[in-house]
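Engineer: Below you will find the structure I want to go over with you.
What follows draws every value from the coordinates through simple rules; no lab data is involved. These numbers were taken from a predicted model, which means no experiment stands behind them.
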Amino acid sequence: METNEIKKLENLRNLTAQYCSTLTPSTDKTGTYTAQIKVHNYHELGCTITEMLKLCIVALDHDVHQTTAIKQSPINVALVLEMVLEMFPLDELEFLSNVAEIVREE
């Protein structure tokens, strides 16, 4: 390779090492990856899971929160999910996957 190409490839490797850290390759050689969430402790994990469950309960039966301990204002889950779907960077994520794969092959 030419010197310029080598520098570009090294720069790409450095950027990949810096930014492509969300997925960790599995140790069992299956070609799969693991994504982790970071929490401070078990209490924060429990609170996060509880909030997710509450959101699911409200999404499944909008009236159930009036008779349970869930004291939240109504959530328009469909609207929130539509907004998230519009913001989700699929093209960018596909690009990152391709770049990470190219760098691993080199």
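Engineer: Less than 14 Å apart at the alpha-carbon level, and either on another chain or at least 8 residues along: which aspartates and glutamates does that give for K8?
Structural biologist: Qualifying aspartates and glutamates at Cα under 14 Å: E106.
Engineer: With θ set to phi - 60° and the Karplus curve 6.51 cos²θ - 1.76 cosθ + 1.60, what are the ³J(HN,Hα) couplings of segment 31-38 in order, to the nearest whole Hz, using x for Gly and Pro?
Structural biologist: x, 9, 10, 10, 10, 10, 9, 9
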